[in-house]
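Have a look at the structure below before the remarks.
Here, each number is a calculation from the coordinates, and none is a lab measurement. All values derive from a computational prediction rather than experimental measurement. Virtual Cβ from ideal backbone geometry, glycine too; neighbours counted across all protein chains shown.
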Amino acid sequence: MNNFIVRAIAASALIAITTNTAWAQATDRFPNRPLRIITGYLPGGVSDTIARTMAERLGEQMGQRIVVDGRPGAGGTLSMEIAANASPDGYTLFMAQPVITISPNFKRKLPIDPLKAFAPVSVVGMGATMLVVHPATPALSVKDLIAYGKTGAGSRMAYGHSGQGSTNHLAGELFAIMSGLKLTPVAYKGAAANILATLQGEVQMAFLPVLAALPQVKNGKLKAIGVTGAKRTQAAPEVPAIAETLPGFEVPVWYGLMVPAATPQPIVARLNAEMKKALETAAVRERLAAQGIDVEYTTVAQFDRLIRDDAARWAKLVREAGIVLE
């Protein structure tokens, strides 16, 4: 072996040792400055409230201020791109939702691969979507609704949702496939417009966030038929899961924190441990429950598996239903 090769090997080893030492030192000191959580939705919404709740508690635990950085736009994909391109040092976290797993199915390709751009830290909790119908619709259950939808009067039913590619849009598509009904999807700009359209009879049914739907259900203006999670939600335990009638029906609306993919594993592990501690706090659980969130801590591996399963679910649905997501 000549001297040039020996020197090259030595230089490479020195670089590796220096890099590993620098990362080890950075991890030991982590965090030694403020952090931020990027979210893609406006202040006051569920995502923003979850992000602020976690920022406050994690900041107290870790002795550093955590800023919530809202970057709304493009259905959540703008914030996703910003977070993915942040420095992978643990100081930037992303308030992730199913846009991570749904967006790879968009016709418009993103400049990043969401499934490869992030490292999961932990799920914060699961939200719920509720299937509601107009009072004039003769159904009190999922079974009733399916039976009605197969009659002449019910064969022209439309359902409202909050935008193409949203979880409540895809919940409707999955419901149509599993029930055998022919449903017409109608998009509205947000839950408020969706509720109004259902109240006015523009659509016979709608998929809505539980907290948005509950006031109208409680005053009798809408009927709650089911929720889209694998099990009932704590926010409305009296409403059955759709899966109780259609086994296997599940549209998880998860919220979790992620970091750029190259973030060192020791920092990811530290953040996961801090999240576990935060999510065991009564004040955090109560505040999230008030937003309709069922708290659910996961290990890094469990969160990674959830993401893979979710991505496979949406890819299969888009393919089988022939959905084109612009």
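Before moving on, here are some points about what is shown:
- Put the Cα centre of the stretch 270-303 next to the Cα centre of the stretch 61-133 and the gap is 17 Å.
- Cross-link pairs beyond the 23 Å C-alpha cut-off, checked among Lys116/Lys277; Lys182/Lys218; Lys189/Lys221; Lys143/Lys218: Lys116/Lys277; Lys182/Lys218
- Farthest positive-ward along the stretch 129-228 dipole, Cα basis, beta-carbon charges - from Ala147, Leu196, Ala206: Ala147
- Phi to ³J(HN,Hα) by Karplus 6.51 cos²θ - 1.76 cosθ + 1.60 over the stretch 41-53, Hz, x for Gly, Pro: 10, 5, x, x, x, 4, 4, 5, 5, 4, 4, 5, 4
- Working from Cα pairs under 8 Å separated by at least six residues, relative contact order for the chain is 24 percent.
- Relative contact order for the stretch 151-295: 18 percent, from Cα pairs under 8 Å spaced at least 6 residues apart, divided by residue count.
- In the list [x] 43, 22, 16; [y] 33, 23, 18; [z] 26, 23, 19, the label attached to semi-axes √(5λ) of the Cα gyration tensor in Å as derived from the coordinates here is [x].
- The stretch 68-116: trypsin sites (Lys or Arg not before Pro) falling in loop per DSSP and having at most 10 other Cβ within 10 Å: Lys107, Arg108, Lys109
- Residue-averaged 222 nm ellipticity for the chain, from DSSP H runs of 4+ at -39500 (n - 2.57), nearest 500: -13500 deg cm²/dmol
- By average C-beta atoms within 10 angstrom, highest first, the peptides 33-43, 205-215: 205-215, 33-43
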